1. I'd like to know if region 170-191 contains one or more residues that are in the same structural domain as SER145 (by TED's automatic domain parsing), among the polar types (S, T, N, Q) and touching a Phe, Trp or Tyr at 6+ places or on another chain (Cβ under 8 Å).
2. Take the conditions within 11 Å of LEU197 (Cα to Cα) and either of a type outside the set (D, E, K, R) or surrounded by 14 or more Cβ atoms within 10 Å (Cβ to Cβ) (or both) and apply them to ILE106. Does it pass?
3. Tell me, please, whether a residue that is over 30 Å from GLY186 (Cα atoms), modelled with pLDDT under 75 and among the charged types (D, E, K, R) can be found in region 1-13.
4. Can you pull out the residues in region 107-123 that are of a type in the set (Val, Ile, Thr) and either outside the structural domain of MET184 (by TED's automatic domain parsing) or farther than 19 Å from VAL188 by Cα (or both)?
5. Of these, ARG84, ARG41, which one is of a type in the set (Lys, Arg), assigned to a helix (DSSP H, G or I) and at pLDDT below 85?
6. Scan region 139-163 for residues that are touching a strand residue (DSSP E or B) at 6+ places or on another chain (Cβ under 7 Å) and surrounded by fewer than 18 Cβ atoms within 10 Å (Cβ to Cβ) and report the count.
7. Grab the helices (runs of 4 or more DSSP H) fully contained in region 117-208, keeping just those with 2 or more residues being polar (S, T, N, Q).
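The values are calculated or read from the model by the stated rules, or taken from the named source; none is laboratory data. The model shown is predicted, which means the values in this text are computed figures rather than measured ones. Neighbour counts run over all protein chains shown; Cβ positions are idealised from the backbone, glycine included.
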Amino acid sequence: MNKSQNRVNTISTMNTKKNNLNNQAMNDEELDFNNAEMLRRKAEEKLRSKQYKVNEFNESDAKKLVHELQVHQIELEMQNEELRQAYNTAETALKKYTMLYDLAPIGYFVLSADGSINDLNFTGADMLKDKRFSLINSNFKLYVSDESKVEFNRFFSTLYSSLVKESCNVKLGYDNNPLGYVYMEGIVTDDDQKCLLSVVDISLYNNM
């Protein structure tokens with residue numbers, strides 16, 4: 001009788017362990033976050049288990065929530081208005097300084113260390129007798145006359161070695177086409193090592 005009872009208990013224990021393993025497998029399956037259907041079912045079960053918390057949400061809590069949402073909405077509107085005003089101010093300043101740069105009565109150039117033109121204004125393009133955007137990436141040294149190349153190269157080299165403002169007078173021209181005499185000042189930027197060059201036409205004074 002005892003042996004039979006022990007056998008029954010053993011079988012019962014084995015069945016219990018088997019059920020536990022099956023339940024564990026089912027739980028693991030339900031926690032498969034790659035299965036959208038199972039994930040939704042699990043979420044709905046959790047929502048039902050917490051439904052009592054919604055029922056406990058009273059009118060006072062609702063008013064507080066509405067107030068907080070309204071305050072947050074006003075804060076966002078104020079931030080949006082501030083950003084809009086900042087954008088308009090920046091856009092106005094950009095237009096102003098773009099106009100000053102493009103229409104300045106002296107030539108402005110941005111050169112790389114090898115002398116290639118990265119940017120220039122309309123006056124600078126007019127000095128070189130070419131269209132502005134056609135001159136981008138061309139080398140400024142090509143527009144310096146042969147008689148001034150030594151002086152310009154010395155000036156340009158000194159700019160990058162001294163990192164302070166330098167100046168010189170040179171004659172512009174190419175292929176026996178004189179472009180005029182100019183006075184230029186330059187400085188090299190610290191961040192990207194670009195040469196900022198201002199050029200003034202002094203041909204009138206040089207011919208006097």
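1. No, region 170-191 contains no residue that is in the same structural domain as SER145 (by TED's automatic domain parsing), among the polar types (S, T, N, Q) and touching a Phe, Trp or Tyr at 6+ places or on another chain (Cβ under 8 Å).
2. Yes, satisfied.
3. yes
4. THR123
5. The unique qualifying residue is ARG41.
6. 7
7. Because the criterion is at least 2 residues that are polar (S, T, N, Q), the helices (runs of 4 or more DSSP H) in region 117-208 that meet it are 149-162, 203-206.
Residue-by-condition table, conditions (1) within 30 Å of LEU135 (Cα to Cα); (2) part of a helix (DSSP H, G or I); (3) out of contact with any strand residue (DSSP E or B) (no Cβ under 9 Å at 6 or more places or on another chain); (4) at pLDDT 85 or above:
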{"residue": "ASN20", "(1), (2), (3), (4)": "no, yes, yes, no"}
{"residue": "GLU45", "(1), (2), (3), (4)": "no, yes, yes, no"}
{"residue": "ALA62", "(1), (2), (3), (4)": "no, yes, yes, no"}
{"residue": "MET78", "(1), (2), (3), (4)": "no, yes, yes, yes"}
{"residue": "ALA90", "(1), (2), (3), (4)": "yes, yes, yes, yes"}
